[in-house]
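Written out below as structure tokens is the structure these notes cover.
The values are calculated or read from the model by the stated rules, or taken from the named source; none is laboratory data. Small disclaimer: the values here were computed from a predicted structure and weren't measured. Cβ placement follows ideal geometry from the backbone for every residue including glycine, while neighbour counts extend to all protein chains displayed. Each accessible area value is taken on the protein alone, full model and side chains, heavy atoms only, with ligands, DNA and RNA left out. Shrake-Rupley method; radii C 1.70, N 1.55, O 1.52, S 1.80 Å.
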Amino acid sequence: MTVGNGATDEIDQRVVDLIASNPIASVVSDPRLPDNPIIACNDAFMELTGYDEDEIIGRNCRFLSGPGTEPWLTETIRQGVRERKAVMVEILNYKKDGTPFRNAVVVAPIFDEEGELEYFHGSQVELEDGAQSPVATRRARAVEKIKDLSKRQLEVMTMVAAGLRNKQIAYELGLSEKTIKMHRGLAMEKLGAKSSADMIRLAVEAGI
């Protein structure tokens, strides 16, 4: 797990924890710096792409693009970043050795306690060749997973996916932060999510 330098030399430990132990390839970027560069990446991202940490930190995620990358999907990601909304696309990317792969990318905003945009969390999953209707399949699986959540757990999950912190969610729902943590933990247990990043990805895949 690597953290880069920049305007945010001291990166929020919560953000580091978001991706550090995640088995899904993940990065954190800083939209407050020019060109929204990657400031942290985990081992799974390096393993997926073949790039070393010093080749990743400081670059925009589009460095994975290549001659076959769909420009309209790249624009979908850019639009999500501009509008500060979570977005999911399945786009053709390239590994360091030039190998193309179909990449299910989720990009979600992370806000501070004042509601200001701090970071973007991005996760990548390599899709199997020949997968039939992968977007629909992943969405159906995600919807199936969340159907057993209570109304409150779904509300909490939705706000987590929107980048809000426990304190902000507690304020919005008129509940204690302790209660929010309880609902968040129960939701993660029901979903089989090992981290907040997993829960965010499921929410985006389900279209929440």
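Taking the mean number of other Cβ atoms within 10 Å as a proxy for protection, how do you rank 39-47, 180-188 from highest to lowest?
39-47, 180-188
Using unit Cβ charges (K, R positive; D, E negative) and no other charged atoms, how large, in debye to the nearest 20, is the dipole of the chain about its Cα centre?
Dipole size: approximately 940 debye.
Using 18 Å as the Cα-Cα cut-off, could you pick out the over-long pairs in Lys151/Lys190; Lys147/Lys167; Lys147/Lys190?
Numbers: Lys151/Lys190 13 Å; Lys147/Lys167 25 Å; Lys147/Lys190 10 Å.
Over 18 Å apart, Cα to Cα: Lys147/Lys167.
What's the center-to-center distance, using Cα atoms, between the stretch 21-43 and the stretch 172-208 in Å?
21 Å
Based solely on its DSSP helices, what 222 nm [θ] is calculated for the chain when runs of n ≥ 4 H residues each add -39,500 (n - 2.57) and the sum is averaged over all residues, nearest 500 deg cm²/dmol?
Working: 9 runs with 89 residues, N = 208.
Result for the chain, helices only: -12500 deg cm²/dmol.
Which shape class, rounded, prolate or oblate, goes with the stretch 138-208 when its Cα gyration tensor gives a ≥ b ≥ c as root eigenvalues, a/c under 1.5 marks rounded, and past that a/b bigger than b/c marks prolate? Please report the intermediate quantities before stating the final value.
Numbers: a/c = 1.92, a/b = 1.72, b/c = 1.12.
In terms of gyration-tensor shape, prolate.
Expected output is a single nm value to one decimal: the length gained when fully extending between Leu186 and Lys145, i.e. 0.36 nm times separation in residues minus the C-alpha distance. What is it?
Full extension from Leu186 to Lys145 adds 13.4 nm.
Could you give each residue of the stretch 148-153 its phi-based ³J(HN,Hα) in whole Hz, using Karplus coefficients 6.51, -1.76, 1.60 with θ = phi - 60°, and x for Gly or Pro?
Karplus values, whole Hz, x for Gly and Pro: 8, 6, 6, 4, 5, 4.
Could you sort Ser26, Ser196 by accessible area so the largest value comes first, with the probe set to 1.4 Å? Walk me through the intermediate numbers first.
On the way: Ser26 0, Ser196 30 Å².
Output order, biggest surface exposure first: Ser196, Ser26.
If the convex hull of the alpha-carbon atoms of the chain is projected onto planes in all directions, what is the mean projected area in square nanometres? It would help to have the intermediate numbers written out before the result.
Values: hull surface 44.8 nm².
Directional mean of the projected Cα hull area for the chain stands at 11.2 nm².
Sorted by accessible area (1.4 Å probe), largest first, how do Ile38, Ile208 line up? All intermediate terms of the calculation are to be shown ahead of the outcome.
Numbers: Ile38 0, Ile208 70 Å².
Solvent-accessible surface, decreasing: Ile208, Ile38.
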